[in-house]
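Before any comments, here is the structure.
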Amino acid sequence: MHIDILTVLPELLESPLSHSIMKRAQDKGLLTVQVHHLRKWAVNEYGQVDDYQYGGGAGMVMLCEPLARAIEELSAPEKFDEIIYVTPDGKTLNQRMANALSLKERLLIICGHYKGIDERIREKYVTMEISIGDYVLSGGELAAAVLVDAIGRLLPGVLNDETSALTDSFQDNLLAPPVYTRPVDFEGMKVPDVLMSGNHAKIEEWRYEQALQRTRERRPDLLQQTDDE
Ligand code: 6GU
């Protein structure tokens, strides 16, 4: 998979995408991420990429032209499967959306800043608008990093244990069960006996029950969700 990201703050994206699992995905050649500075397509020698909004009001709006030129140039070798604008008024990201996006070949993520991007860019180019939750960040960069991580770790071969993505919280609309490691007795708190039994069928059953119980207690909404949510 190849992901291009358009931003005015490339520094914010570098670190989160160069460590741990995202690093491994890229080192293995399973994922390539290219972060592009929007200034490269600025409208003048001052590097201008935003301007005051029509109608007045505080906050700048990202100009059409730099974005349009950048999108056209980056689409030229090969069209994007999706052009994603990360924005608090988009559809809230969930595991189902991450799963679907992990099957695509080529994505462009546009990070908004200030008051966001001119509406006409959304109309003409953007195919998906994604939010990462009901709160406001100062820009789309951290949301883009979250999105790339959520997608990148699902690419086949990225995770060591191929099955581990399948037992994540949310994979079947269930939260993950509790996990334990050494010691067996931590200050009088013991690891549940079933996990020491060696009976794998029983262990799986226990984990499923724990996941279900935890989901009922903490996120009953997940159990109500239908296929198209
Ligand atoms: Cl995608 N962008 C910004 N600026 N804030 C957000 C967000 C995105 N998702 C949740 N809050």
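The values are calculated or read from the model by the stated rules, or taken from the named source; none is laboratory data. For clarity, every value in this text was computed on a predicted model and none was experimentally measured. Cβ placement follows ideal geometry from the backbone for every residue including glycine, while neighbour counts extend to all protein chains displayed.
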Quick one: how many residues across region 50-97 are out of contact with any Lys or Arg (no Cβ under 9 Å at 6 or more places or on another chain), in a loop (DSSP other than H, G, I, E, B) and modelled with pLDDT of 95 or more?
7
Leu63: surrounded by 15 or more Cβ atoms within 10 Å (Cβ to Cβ) and under 24 Å from Asn99 (Cα atoms), yes or no?
no
Out of Val146, Val184, Val191, Val179, sole residue that is within 26 Å of Leu63 (Cα to Cα) and among the aliphatic types (A, V, I, L, M):
Val146
Scanning region 10-45 residue by residue, those part of a loop (DSSP other than H, G, I, E, B), in contact (Cβ under 8 Å) with a residue 60 or more places away in the chain and either buried (at least 17 other Cβ atoms within 10 Å of the Cβ) or basic (Lys, Arg) (or both) turn out to be Leu17, Lys28, Leu31
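What residue, among those in region 123-152 that are assigned to a helix (DSSP H, G or I) and of a type in the set (Asp, Glu), is nearest to the ligand (Cβ to nearest atom)? Full working, then the answer.
Of region 123-152, the ones assigned to a helix (DSSP H, G or I) are 123-124, 141-152.
Next, only the ones that are of a type in the set (Asp, Glu) stay: 123, 141, 149.
Values: Glu123: 18, Glu141: 9, Asp149: 14 Å.
The selected residue is Glu141.
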Going through (1) in contact with a Pro (Cβ under 9 Å, 6 or more places away or on another chain); (2) at pLDDT below 95; (3) exposed (fewer than 11 other Cβ atoms within 10 Å of the Cβ); (4) not basic (Lys, Arg) one by one, Tyr135 fails only at (2)
For the subset of region 81-122 comprising residues that are of a type in the set (S, T, N, Q) and within 10 Å of the ligand (Cβ to nearest atom), which member is farthest from the chain's Cα centre (by Cα)?
Thr87
So Asn173 ticks every box in (1) under 30 Å from Gln34 (Cβ atoms); (2) more than 16 Å from the ligand (Cβ to nearest atom); (3) under 18 Å from the mean Cα position of the chain (by Cα) but one. Which box is left unticked?
(1)
